Structure formats: C-alpha cells, structure tokens
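Structure first, commentary second.
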Amino acid sequence: MASKNQPATKRSSRFKLKEPSKYHVIMHNDDVTTMDFVVMILERIFCKTQAEAETIMLKIHHKGSAIVGTYYRDIAVSKKDVAVKAARDNGFPLQLTVEEVL
C-alpha cells in the first residue's frame, strides 16, 4: 500500500508460472496377481469405489493395462511405490508405471 507521500510502484513480473505436469499411474496385467488383490489396491491406495475398482480391474485384465489415477508427479510416484510394496509384501509381481500426461 502506498502512503500519501510515497507513490505506488508498479511491479512487473518477468516470470510466468506454469502449472506442474500431471502423471498417469498405469497398472499392468500379470498372470499371478489375483483380481481381488488388484481391486483391494485400487480401493485402498487409489481411493476408488468397489464398482470403479472392479471396472478398472477388468479393463486391466482384458486390455493388459489401464490408467488407475492421474496426479502430480510426487503423488503419482508415492502411490505407485506404496502399491508395489503392498504387492511384494503379499507375494505378487504387480507392476505399475508412471507416465507424464502429454
């Protein structure tokens, strides 16, 4: 705020902020991980309803992979890592990848 004695100064910004990129988390099909486990991961880690989780699980099963969520990079990588750790802890080879949205 400018006082009576000081003129207001103009601020010019030389920097343009750009929104951070988003990333897809992609789950891949395998022949070992059970459908029930995939649904559980989708519900607990990716916050899907049971109906959404079952639909995504069937897409993964039939098409080989599916996007299970889109997040900023740090969140996408964290969710992928948590899901992979849960799979390994339960003896499943579940694979997830993170790809930038273009």
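Beta carbons closer than 8 Å, at least 6 apart along the sequence or on distinct chains, pair a first residue in segment 56-85 that is in contact (Cβ under 8 Å) with a residue 24 or more places away in the chain with a second that is of a type in the set (Val, Ile, Thr) and loosely packed, with under 14 Cβ neighbours inside 10 Å for THR70/VAL101; ALA76/THR70; LYS80/THR97.
State whether the residues of segment 10-22 include one that is outside any loop (DSSP other than H, G, I, E, B) and at pLDDT 95 or above. Taking every residue of segment 10-22 in turn, at least one turns out to be outside any loop (DSSP other than H, G, I, E, B) and at pLDDT 95 or above. When residues in segment 37-49 are screened for being surrounded by fewer than 14 Cβ atoms within 10 Å (Cβ to Cβ) and touching a helix residue (DSSP H, G or I) at 6+ places or on another chain (Cβ under 9 Å), 2 of them pass.
Residues of segment 50-102 that are of a type in the set (S, T, N, Q) and either in a helix (DSSP H, G or I) or buried (at least 17 other Cβ atoms within 10 Å of the Cβ) (or both): GLN50, THR55, SER78. Inclusion of ASP30 among residues that are surrounded by 10 or more Cβ atoms within 10 Å (Cβ to Cβ) and part of a helix (DSSP H, G or I) is not warranted.
The values are calculated or read from the model by the stated rules, or taken from the named source; none is laboratory data. From a predicted model like this one, the values you see are computed outputs, not experimental measurements. We place every Cβ from the backbone using ideal geometry, glycine too, and count neighbours over all the protein chains shown.
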